[in-house]
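Data first, discussion second: the structure below is written as structure tokens.
FYI, it's all coordinate maths here, none of it is from the lab. All of these numbers come straight from a predicted model, not from anything done at the bench. Every residue, glycine as well, gets a Cβ built from its backbone with ideal geometry; the counts of neighbours run over all protein chains shown.
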Amino acid sequence: MSKNYRFETLQIHAGQKPDPVTKATGIPIYLSNAFTFDDADQAKNIFALEEGGYFYSRLSNPTVDALQQRMAALDGGVGAVAFASGTAAIMGLIMTVCETGDEIIAANNLYGGTIGSLSGTMAGMGFVSHFVNPRDLKAMEALINDKTKIIFVESVGNPNGDMLDFDAISALCKKYGILFVVDNTTPTSYLFRPIEHGADLVVYSTTKYIAGHGNVMGGIIVDSGQFDWHNERYPLFTNPDKAYHDIVYADLNEAAFCTKAVAKTLRDLGGCMSPFNAYLTLLGLETLSLRMDKHVENSRKIAQFLNENEAVEWVSYAELEGHESHELCQKYFPKGFGGLFTFGVKGGLEGGKTVINHIQLFTHVTNFADSRSLLTHPASTTHAQMSEEERLAGGVQQGTIRISVGLENIEDLIADLQQAFDKIQ
Ligand SMILES: *Cc1c(COP(=O)(O)O)cnc(C)c1O
């Protein structure tokens, strides 16, 4: 596929040609576990990683491969590896890069599930995570030592939509030769391309806007191809691997990360994406730009409506003047901020509950990035078990409502919010 094609063209065409046998233009769902070989020598070469090719769908599959190539093209990367969920992709990334005892510096405003895995199961297995305010570069730098393998941030903080100075974090990573990883789930590559700001690996929960319709789980890692793995910090890449005739992954250059992620992580831990899920994700991807533009347009109107509404105490939407990330948003997100943000209603906990109990068109769930508009009241759900202090540190007040603006008619959405606000005493 031509490198010169633009986003809207790549989201429909990259990674796929008409099927050579049937001439089908839609992507076939290759629901086959195994793929046969031409002869014994070809089988041997594929097993030894000396030749590309499909043989077993835990490692590679043509439908999943089309998605991997398309995602890499959209992000400006050299390759990608898909997983069963965003969580599987993030933990797979860590397993590909780190050994027991290695350290990760992670932003303290990551997706809650990621913080839970890193501080729970992953810590239990000996992968050490330090959580830090990602805007405090001095604190981040102070945590770096010989065991640090990854600096991990999200392009948009959850749930408050705060942003980072990506160029500054990238410079810090380059100074120490540390891998810079960005979870870009919330804006997607349409609104923000982390590789252009120094990210070495970009990870997604495709469950969200990429698939886009709230119906299919998935995750993917995109490799920029820019990290030099010939770096003594990463012995898993510079030491020979006995499992594959003493291959040195770093010597594969641009293919180093993806080869190891497939040949070791997917092979040994499983967690591969189903071809059927890859198919639905590819289908969603074809309209990503159209959907994101509409999510942005509807969100701007709703943020404006909320900002002027007397039932609303505050709105945290980075495009609004006065938001702490306003300048960063203008610098890094010229196409718009996206569809996920928070606001606070009057009346605290009761006010928040009243809105949730009276919405009709919005759906009350803890997901986001659906074609449907969604609302969450963190103080009574995701953050209910926390102390007041912990909740406030996570940026969640009693009356905070998280909104994921969907693709419905804007007047219908605004009318639904207004009738729910009218119920607050
Ligand atoms: C949802 C989400 C994840 C986890 O993805 P799953 O597909 O649910 O496993 C990770 N990071 C971010 C930013 C998310 O929103």
query = In terms of modelled amide H atoms, which long-range or inter-chain residues lie less than 5 Å from the amide H of S129?
reply = I104
message = Taking just the alpha-carbon atoms of the range 82-170, what radius of gyration and Dmax come out, in angstrom?
response = 12.7, 36
remark   = Treating every alpha carbon of the chain as one equal point scatterer without solvent, the Debye formula yields log10 I(q)/I(0) values at q = 0.10, 0.13 Å⁻¹ of -0.70, -1.15
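Nearest 20 debye, what's the magnitude of the dipole of the chain about its Cα centre given +1 on Lys and Arg Cβ and -1 on Asp and Glu Cβ? Don't skip to the end; give the middle numbers.
Details: 32 positive and 50 negative charges, 101 e Å.
Here the chain has a charge dipole of around 480 debye.
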request  = Quick one: grab Rg to one decimal and Dmax as a whole number for the range 118-174, Cα atoms only, in Å.
outcome  = 12.3, 33
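Of all DSSP beta bridges located in the chain, what percent are antiparallel, nearest 5? Display every interim value, and only then the final one.
On the way: 24 of 43 bridges.
Here the share of antiparallel DSSP bridges comes out near 55 percent.
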query = What is the spread of the Cα atoms of the range 180-263 along each of their three principal axes, largest first, in whole Å?
reply = 44, 27, 16
query = Rg and Dmax of the range 384-423, using alpha carbons, in Å: what are they?
reply = 14.3, 38
request  = Rounded to the nearest Å, what's the spacing between the alpha carbon centres of the range 344-367 and the range 34-72? Just the number, please.
outcome  = 49 Å
message = What number do you get for the range 347-425 when its Cα radius of gyration is normalised by 2.2 N^0.38 Å, N = residues?
response = 1.10
note = Residue-ordered couplings for the range 62-69, obtained by feeding phi - 60° into the Karplus form 6.51 cos²θ - 1.76 cosθ + 1.60 and rounding to whole Hz (Gly and Pro as x), are x, 5, 5, 4, 4, 5, 4, 5
inquiry  = Using square roots of five times the C-alpha gyration tensor eigenvalues, list the equivalent-ellipsoid semi-axes of the range 299-415 in whole Å, biggest first.
reply    = 21, 18, 14
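Tell me, what is the percent relative contact order of the range 289-421, built from C-alpha pairs under 8 Å that lie six or more residues apart?
On the way: 210 pairs, mean separation 38.5, N = 133.
Rounded, it is 29 percent for the range 289-421.
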message = Only Cα pairs within less than 10 Å get springs; with that Gaussian network setup on the chain, which residue of E310, E254, E50 has the largest fluctuation?
response = E50
note = Checked against a 18 Å limit on the C-alpha separation, the offending pairs among K147/K174; K138/K175; K149/K175; K175/K264; K353/K423 are K175/K264
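Given charges of +1 on the Cβ of Lys and Arg and -1 on the Cβ of Asp and Glu, with all other atoms neutral, how large is the dipole of the range 236-329 about its Cα centre, in debye to the nearest 20?
On the way: 8 positive and 15 negative charges, 134 e Å.
Result for the range 236-329 is approximately 640 debye, rounded to the nearest 20.
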ask   = Using a simple charge model, +1 on the beta-carbon of Lys and Arg, -1 on the beta-carbon of Asp and Glu, nothing else, what dipole does the range 1-85 show about its Cα centre, in debye to the nearest 20?
value = 360 debye
task = Between Q397, Q385, Q226, find the one with the highest GNM mean-square fluctuation for the chain; connect C-alpha pairs within less than 10 Å.
result = Q385
task = Mind checking which lysines have their Cα closer than 25 Å to the Cα of K17? Skip sequence neighbours fewer than 8 apart in that chain.
result = K3
remark   = Within the chain, excluding any trypsin sites (Lys or Arg not before Pro) found in a DSSP loop (not H, G, I, E or B) and having at most 11 other Cβ atoms within 10 Å, the longest uninterrupted segment runs 24-425
key: Per-residue ³J(HN,Hα) for the range 72-77, Karplus 6.51 cos²θ - 1.76 cosθ + 1.60, θ = phi - 60°, Hz, x for Gly and Pro   = 4, 5, 5, 8, x, x
